[in-house]
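All remarks here apply to the structure that follows.
The values are calculated or read from the model by the stated rules, or taken from the named source; none is laboratory data. Everything numeric in this text was worked out from a predicted model, so none of it was measured. With ideal geometry, Cβ positions are generated from the backbone for all residues, glycine too; neighbour counts draw on all protein chains shown.
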Amino acid sequence: MRLIILGPPGAGKGTQAARIAERLSIPAISTGDIFRANIKDGTELGRRVKAILDAGGYVPDEVTNEIVEDRLTWPDAEGGFLLDGFPRTAGQVDALDAMLARHDHALDAVLELTVDEDVVVQRLLNRAQTDGRSDDTEEVIRERQAIYRRETAPLADHYKQADLLVQVDGMGGVDEVTDRVMAALPAR
Ligand code: AMP
């Protein structure tokens, strides 16, 4: 199964991605995790992207696309994968389509976790307070939600037109949401 998971910051996307991938025996591939691991290991890529991640900006498409293309050729991704955090821009959508076509592959579904923005903002505010991240103010958190709406809504539309979009209510307990996603996925 070849899948993408979309959802705003705080929707529990990473948690769900790991659980769904495990149930389907496919790797969950998070571009954010790949960048963070490279920063931690002090690789050349890590040095190139550190300032961008610190500022909350987007790593250029050429860099991100190349990393994903390489990662998708690993043996564990041969039978499927779940992409978390990619694609994030229209350019990345096109690049992914081209990558898959080159290997004669296609996506099976694009999951979108839908959430109540006010609840998510409150959750992120509580988390910021507990973690002592005082720079995560309500304004900053709301801006990240706005960026998601602005940048990612067109992506969801693209996949809706391709008849791939599966929207799942992301509110509620972790198990409940995982069960909902599994029930909503197309049978294979
Ligand atoms: P995430 O863990 O998905 O929130 O990603 C953390 C950070 O990594 C983002 O704020 C971006 O700076 C960078 N990043 C992750 N995925 C992408 C992507 N597909 N395109 C550009 N930048 C990305």
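Only residues that are away from the ligand (no atom under 15 Å from the Cβ), farther than 30 Å from Gly173 by Cβ and out of contact with any helix residue (DSSP H, G or I) (no Cβ under 8 Å at 6 or more places or on another chain): list them for segment 80-113, please.
Within segment 80-113, Ala98, Leu100, Ala101, Arg102, His103, Asp104, His105 meet the criteria.
For segment 115-133, name all the residues that are touching a residue at least 24 places away in the same chain (Cβ under 8 Å) and surrounded by 15 or more Cβ atoms within 10 Å (Cβ to Cβ).
If the condition is that a residue be touching a residue at least 24 places away in the same chain (Cβ under 8 Å) and surrounded by 15 or more Cβ atoms within 10 Å (Cβ to Cβ), then Val115, Glu117, Val120, Val121, Arg123, Leu124 are the ones that fit.
What's the number of the condition Pro60 fails, among (1) near the ligand (Cβ under 10 Å from one of its atoms); (2) farther than 30 Å from Val174 by Cα; (3) over 17 Å from the mean Cα position of the chain (by Cα)?
The single condition Pro60 does not satisfy is (3).
Against the conditions (1) assigned to a helix (DSSP H, G or I); (2) farther than 24 Å from Arg36 by Cβ; (3) within 16 Å of the chain's Cα centre (by Cα), where does Gln145 fall short? Just the number, please.
So the condition that Gln145 fails would be (2).
Glu117: of a type in the set (D, E, K, R) and modelled with pLDDT of 95 or more, yes or no? Lay out the reasoning, then the answer.
Numbers: of a type in the set (D, E, K, R): yes; modelled with pLDDT of 95 or more: no.
Against the criterion (of a type in the set (D, E, K, R) and modelled with pLDDT of 95 or more), Glu117 does not qualify.
Here are some residues: Glu69, Glu143. Which one is modelled with pLDDT under 90, of a type outside the set (Ser, Thr, Tyr) and either within 23 Å of Arg19 (Cα to Cα) or within 16 Å of the ligand (Cβ to nearest atom) (or both)? First the steps, then the outcome.
Numbers: Glu69 fails: modelled with pLDDT under 90.
Going through Glu69, Glu143 in turn, the sole match is Glu143.
Across segment 148-171, what is the number of residues that are at pLDDT 90 or above, part of a helix (DSSP H, G or I) and of a type in the set (A, V, I, L, M, F, W, C)?
Filtering segment 148-171 for residues at pLDDT 90 or above gives 155-171.
With part of a helix (DSSP H, G or I) added as a condition, the list becomes 155-161.
Within this subset, residues satisfying the condition of being of a type in the set (A, V, I, L, M, F, W, C) are 155-156.
Residues meeting the conditions: 2.
Which of the residues that make up segment 24-44 are more than 12 Å from the ligand (Cβ to nearest atom) and out of contact with any strand residue (DSSP E or B) (no Cβ under 9 Å at 6 or more places or on another chain)? If you could, list the steps in order and put the result at the bottom.
Of the residues in segment 24-44, the ones more than 12 Å from the ligand (Cβ to nearest atom) are 24-27, 40-44.
Ser25, Lys40, Asp41, Gly42, Thr43, Glu44, listed by residue number.
Restrict the check to segment 172-188 and report whether at least one residue is polar (S, T, N, Q), more than 18 Å from Thr15 (Cβ to Cβ) and outside any loop (DSSP other than H, G, I, E, B).
To start, the set of residues in segment 172-188 that are polar (S, T, N, Q) comprises 178.
Checking which are more than 18 Å from Thr15 (Cβ to Cβ) leaves us with none.
Checking segment 172-188: not a single residue is polar (S, T, N, Q), more than 18 Å from Thr15 (Cβ to Cβ) and outside any loop (DSSP other than H, G, I, E, B).
Among (1) farther than 20 Å from Ile5 by Cβ; (2) of a type in the set (Val, Ile, Thr); (3) within 12 Å of the ligand (Cβ to nearest atom), where does Val121 come up short?
It is condition (3) that Val121 fails.
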